[in-house]
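Right, one structure below, let's go through it.
Derivation of every value follows stated rules applied to the coordinates shown; laboratory data play no part. The model shown is predicted, which means the values in this text are computed figures rather than measured ones. So basically every Cβ, Gly included, is an ideal-geometry build from the backbone, and we count neighbours across all protein chains shown.
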Ligand SMILES: *Cc1c(COP(=O)(O)O)cnc(C)c1O
């Protein structure tokens with residue numbers, strides 16, 4: 001038996017789960033714990049500190065490396081995962097190119113200044129809010145990542161009556177334009193769009209703010 005704990009900003013509902021406590025409960029019953037922290041690559045120390053036996057992270061999310069994964073934790077269990085290198089399926093193995101890319105990304109991460117990185121992300125959110133300005137029927141605010149990654153997203157709460165457009169329709173309009181703009185839409189039923197600006201350049205952020213203004217001014 002294994003206890004799998006998923007950590008994702010999209011799975012946070014209500015009071016947060018205390019991961020260290022969850023790991024402790026499983027261990028008391030002799031059950032090893034794997035934490036799937038695919039998008040938590042800036043919190044690996046914190047996830048390992050919960051006492052989890054294995055922590056998994058994606059190399060191709062915020063680490064921005066080629067498609068691969070990181071497996072951290074107890075030596076015997078990591079070795080068990082490595083056995084797959086002698087196992088079946090080319091498609092189930094990380095390529096040499098991916099491995100070198102991940103190592104390079106880890107070097108760059110180690111050399112980066114986390115405080116400066118976080119300030120850059122905050123500046124993007126501020127710039128977006130300034131450029132979007134007052135949007136009719138839309139309340140715009142920064143929301144910290146609910147899983148604890150060190151950045152905020154922009155939440156757009158759409159009041160359909162005042163905006164003249166439903167949140168679902170706004171998502172569609174953004175998607176169908178050129179270039180296509182994809183937002184996080186897992187809270188769209190509650191009238192909320194979430195924008196993640198982490199990988200974006202200033203010009204891209206300006207373009208999204210401008211498009212929102214255009215769509216909303218045409219909708220009223
Ligand atoms: C993104 C994500 C995955 C998928 O990760 P891949 O490395 O792309 O396979 C799995 N679990 C969680 C919690 C994720 O956020």
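Overview of results
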| read-out | value |
| --- | --- |
| Some residue of segment 103-124 being surrounded by 13 or more Cβ atoms within 10 Å (Cβ to Cβ), on the phi > 0 side of the Ramachandran plot and in contact (Cβ under 8 Å) with a residue 60 or more places away in the chain | no |
| Condition broken by residue 212, with the remaining ones in (1) in contact with a helix residue (DSSP H, G or I) (Cβ under 7 Å, 6 or more places away or on another chain); (2) not in a helix (DSSP H, G or I) satisfied | (2) |
| Filter result (away from the ligand (no atom under 16 Å from the Cβ) and either free of Cβ contacts under 8 Å to residues at least 12 places away in the same chain or closer than 23 Å to residue 105 by Cβ (or both)) within segment 41-72 | 45, 48, 49 |
| Selection from segment 1-40 of residues that are in a loop (DSSP other than H, G, I, E, B), more than 10 Å from the ligand (Cβ to nearest atom) and surrounded by 16 or more Cβ atoms within 10 Å (Cβ to Cβ) | 32 |
| Test: residue in segment 79-93 that is touching a residue at least 40 places away in the same chain (Cβ under 8 Å), within 16 Å of the ligand (Cβ to nearest atom) and either within 26 Å of residue 197 (Cβ to Cβ) or in contact with a strand residue (DSSP E or B) (Cβ under 8 Å, 6 or more places away or on another chain) (or both) | no |
| Qualifying positions in segment 183-199 - in contact with a strand residue (DSSP E or B) (Cβ under 8 Å, 6 or more places away or on another chain) and not in a loop (DSSP other than H, G, I, E, B) | 184, 192, 193, 194, 195 |
| Helices (runs of 4 or more DSSP H) wholly inside segment 60-177 that include at least 2 residues being farther than 21 Å from residue 209 by Cβ | 75-82, 96-111, 114-132 |
| Sole exception among (1) free of Cβ contacts under 8 Å to residues at least 12 places away in the same chain; (2) farther than 22 Å from residue 37 by Cβ for residue 75, by number | (2) |
| Residue list for segment 173-207, restricted to those being over 19 Å from the mean Cα position of the chain (by Cα) and either at positive phi or surrounded by 14 or more Cβ atoms within 10 Å (Cβ to Cβ) (or both) | 173, 174, 191, 206, 207 |
| Test for residue 88: is it over 30 Å from residue 201 (Cβ atoms) and within 18 Å of the chain's Cα centre (by Cα) | no |
| Flag for residue 139 being without any contact (Cβ under 8 Å) to a residue 24 or more places away in the chain and in contact with a helix residue (DSSP H, G or I) (Cβ under 9 Å, 6 or more places away or on another chain) | no |
